[in-house]
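Enquirer: One structure, pasted below without further comment.
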Amino acid sequence: MRTIRWSEAAGGRIHILDQTRLPLEVSELEIATHQELIDAIKILAIRGAPALGVAGALGVALIARNADRAGWDQSLRQSAIEELRSARPTAVNLAWGVDQVRPLLENGAQVVLAAALELADADAAANHAMGRIGADFLSELLPNRSLRLLTHCNTGALATTEWGTALGVVRELHERGQVTEVFADETRPLLQGSRLTAWELSMAKIPYRILPDGAAASALFGGLIDAVLIGADRIASNGDSANKIGSLAVAVAAKEAGVPFFVVAPESTVDRSLSDGSGIEIEFRSDSEVTHFAGIAVAPLGSRTYNPAFDVTPARYITAVITDKKVYRVSEGESL
């Protein structure tokens, strides 16, 4: 399954699987302009750090195509690219994807597109590599048993080009016959765990249970979980990792319960310009995501909220960071 793809229809279009409609409807959005792509990113029709990296690169190709047709000057092109690059500030991959192909603009739109498509294929390969490296590491750390795994938010094919990051490790372990069950946190307030992760697990025929976010600590202390696997949107060089809000609470509970906690993300998610997580900008989202559900108010009108999209888990709570290149034992002080 490809979450995002390019077609030459009508001079060039980006097609994305609309994640706002899952699990009840599987449909695509056809993106014709960079503003449509930005809107899709902001409403989370496409999300997940690796997928956003590919979206950024393809978005530059789309801007280049449209600029050539409309005769935009250089300032208009760069303004559109900057707007796309900053659409979601916490996820480093979006800016990374833009920056990978932006220097090629002077060579023409077709060269930019070719590079963006190569980046998409490289992301798919990186996901499969993470799956193998992560599965090998967990098999070595927790040998001779089938595993009960906890995950938070969505880290599968929907968050990438294909296969997945943390859920890619789960898929690889499942193919090896080493997964008993996956516990998927519902992931408040937008329910990426219950809407998206559970859908992917169901499609892959991997046994799973959905649990309220508030039940994760109970499951960990109750001895129901052998390991926790999450993704990341930005990782500092010391291993501090930003991921969907609620990840930090799971990490602290896992540490106290003596359960290993892993972050799985491609090398492109590592921001080595940051020495630690204090420099990671946290995106805050609208009150309505908390006060309303499916357009229906579930809180008193006018309620104010605290609605960060992400939190940062310090490296001391992370057993290891698993990338497409290697395993970093950050809790032991190994840097990335």
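Enquirer: Identify the residue in the stretch 41-55 that is under 13 Å from His15 (Cβ atoms) and out of contact with any Ser or Thr (no Cβ under 6 Å at 6 or more places or on another chain) and, among all such residues, is surrounded by the most Cβ atoms within 10 Å (Cβ to Cβ).
Expert: Ala55
Enquirer: Could you pull out the residue among Ile235, Ile210, Ile206 that is among the β-branched types (Val, Ile, Thr), buried (at least 24 other Cβ atoms within 10 Å of the Cβ) and outside any helix (DSSP H, G or I)?
Expert: After ruling out the rest, the residue left standing is Ile235.
Enquirer: Restricting attention to the stretch 152-187, which residues are touching a residue at least 60 places away in the same chain (Cβ under 8 Å) and either under 16 Å from Val250 (Cα atoms) or charged (D, E, K, R) (or both)?
Expert: If the condition is that a residue be touching a residue at least 60 places away in the same chain (Cβ under 8 Å) and either under 16 Å from Val250 (Cα atoms) or charged (D, E, K, R) (or both), then His152, Cys153, Asn154, Thr155, Glu162, Ala166, Asp185 are the ones that fit.
Enquirer: Moving to a separate point now. Does at least one position in the stretch 327-334 carry a residue that is loosely packed, with under 14 Cβ neighbours inside 10 Å and assigned to a helix (DSSP H, G or I)?
Expert: Yes, some residue in the stretch 327-334 is loosely packed, with under 14 Cβ neighbours inside 10 Å and assigned to a helix (DSSP H, G or I).
Enquirer: I'm checking my understanding of the structure. Among residues of the stretch 59-98 that are more than 26 Å from the chain's Cα centre (by Cα) and of a type in the set (Asp, Glu), which one is modelled with the lowest pLDDT?
Expert: If we take residues in the stretch 59-98 being more than 26 Å from the chain's Cα centre (by Cα) and of a type in the set (Asp, Glu), then Asp73 is modelled with the lowest pLDDT.
Enquirer: Which one of Thr90, Thr161, Thr151 is of a type in the set (Ser, Thr, Tyr) and touching a Pro at 6+ places or on another chain (Cβ under 8 Å)?
Expert: Only one candidate qualifies: Thr161.
Enquirer: For the structure I just gave you, tell me whether Thr90 is of a type outside the set (D, E, K, R) and closer than 26 Å to Phe310 by Cβ.
Expert: yes
Residues checked against (1) outside the structural domain of Ala87 (by TED's automatic domain parsing); (2) within 18 Å of Asp68 (Cα to Cα); (3) basic (Lys, Arg); (4) part of a strand (DSSP E or B):
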| residue | (1), (2), (3), (4) |
| --- | --- |
| Ile14 | no, yes, no, yes |
| Gln19 | no, no, no, no |
| Leu22 | no, no, no, no |
| Glu25 | no, no, no, no |
| Leu29 | no, no, no, yes |
| Gln35 | no, yes, no, no |
| Ile38 | no, no, no, no |
| Ile41 | no, no, no, no |
| Leu44 | no, no, no, no |
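Enquirer: Quick one: in the stretch 272-314, of everything that is over 24 Å from Val92 (Cβ atoms) and among the aliphatic types (A, V, I, L, M), which residue is nearest to the chain's Cα centre (by Cα)?
Expert: The residue in question is Val290.
Enquirer: Of the residues Ser75, Ser139, which single one is polar (S, T, N, Q), closer than 27 Å to Leu211 by Cβ and in a helix (DSSP H, G or I)?
Expert: Ser139
The values are calculated or read from the model by the stated rules, or taken from the named source; none is laboratory data. Just so it is clear, the model here is predicted, and its values are computed rather than measured. All Cβ positions, glycine included, derive from the backbone under ideal geometry; neighbour counts span all protein chains shown.
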